[in-house]
1. Out of the residues in the range 6-27 that are modelled with pLDDT of 75 or more and open to solvent by less than 20 Å² (accessible area, probe 1.4 Å), which is nearest to the chain's Cα centre (by Cα)?
2. For the range 138-158, enumerate the residues that are under 21 Å from R42 (Cβ atoms) and either of a type outside the set (S, T, N, Q) or open to solvent by 60 Å² or more (accessible area, probe 1.4 Å) (or both).
3. Among the candidates I186, I165, single out the residue that is closer than 25 Å to G118 by Cα and either at pLDDT 90 or above or open to solvent by less than 30 Å² (accessible area, probe 1.4 Å) (or both).
4. Counting only residues that are under 22 Å from F110 (Cα atoms), modelled with pLDDT of 85 or more and in a loop (DSSP other than H, G, I, E, B), how many does the range 50-65 have?
5. Tell me the residue from V229, V210, V233, V204 that is farther than 29 Å from V107 by Cα, among the aliphatic types (A, V, I, L, M) and open to solvent by less than 90 Å² (accessible area, probe 1.4 Å), please.
6. Can you name the condition, by its number, that Q227 falls short on among (1) at pLDDT 95 or above; (2) assigned to a helix (DSSP H, G or I); (3) of a type outside the set (A, V, I, L, M, F, W, C)?
7. Can you tell me which of S152, S75, S79 is more than 21 Å from T217 (Cα to Cα) and among the polar types (S, T, N, Q)?
8. Read through the list (1) assigned to a helix (DSSP H, G or I); (2) modelled with pLDDT of 95 or more; (3) closer than 26 Å to S212 by Cα, then give the number of the only condition that I149 fails.
Amino acid sequence: MSTAQAQRTAVRHHPRRIALFGGSFDPVHNGHLIVARAADRRFNFDELHFIPASRPPHKMKQHLAAFPHRFAMISLACSEHLHFIPSLAEAGDDFSGHQLHYSVDTVRHFKHVYHGQGDRLFFIVGADAFLDIPTWKEYEALLGLCDFIVASRPGIRSEALRLVIPPELLGRSAARREQRGGPDSIAGEEQEGPIVAQLRRTTVFLLDDVASEVSATDVRQRCHRRQSVHGLVAARVEEYILKQGLYR
């Protein structure tokens, strides 16, 4: 962490608020940045770490751009945001990103690094990915390790998000409201915004109004067809893709 980042952290929060935003980022695009900025406005993070996945377990058969390229594009996308930090957490010792990493292990790594009194970790994830969380390694343990910020997607209701959370993980008051049912049984307003579920040790928050039509698949396809991706990715990322001839 740079001196400027350390000073910013020292001034802003005791304890610190650290956000983890993982994904393939193949490539990182403006939709990702929209989510990150919206979450930062809501929760006022001290640091927001963009974590390019090494070999995402759910995308083992999908060819990804080399890890150094994806990390470079994240670094460029983060360059205009002082506390957006490109992370090497899943790079591996040789910076190849060839090793298999699971989210639960990555979060445990950050909990070890940020072990200050009361430091708070947030895990940013899209609603579609959160619906698949029961397929993740040790997902019940993961839900108890840090708070979650779920970025809304069109057509996905908060009730559907709650259904993937095992009832035994809910806090007592949340469990009682769930039993009573009703549209307002769990979702509510707190100082930090709408809540999907209050768990025993953590909270799952909903990040509204962050839907974006930009997708990494569309960016890759447009590059393959030699079409412009201007406005879909940060200007420096667009320049990098062109100079490196990626996705052709």
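The values are calculated or read from the model by the stated rules, or taken from the named source; none is laboratory data. Fair warning: this is a prediction, and the values are worked out from it, not measured in the lab. Glycine also receives a Cβ, built like all others from the backbone with ideal geometry; neighbour counts cover every protein chain displayed. With ligands, DNA and RNA removed, areas are computed over all heavy atoms of the protein, side chains included. Shrake-Rupley method; radii C 1.70, N 1.55, O 1.52, S 1.80 Å.
1. Checking each candidate, the answer is F21.
2. L143, L145, C146, D147, F148, I149, V150, A151, R153, P154, I156, R157
3. I165
4. Qualifying residue count for the region: 2.
5. V229
6. Here Q227 meets the rest and fails (2).
7. Testing whether each residue is more than 21 Å from T217 (Cα to Cα) and among the polar types (S, T, N, Q) leaves just S79.
8. Of (1) assigned to a helix (DSSP H, G or I); (2) modelled with pLDDT of 95 or more; (3) closer than 26 Å to S212 by Cα, only one is false for I149: (1).
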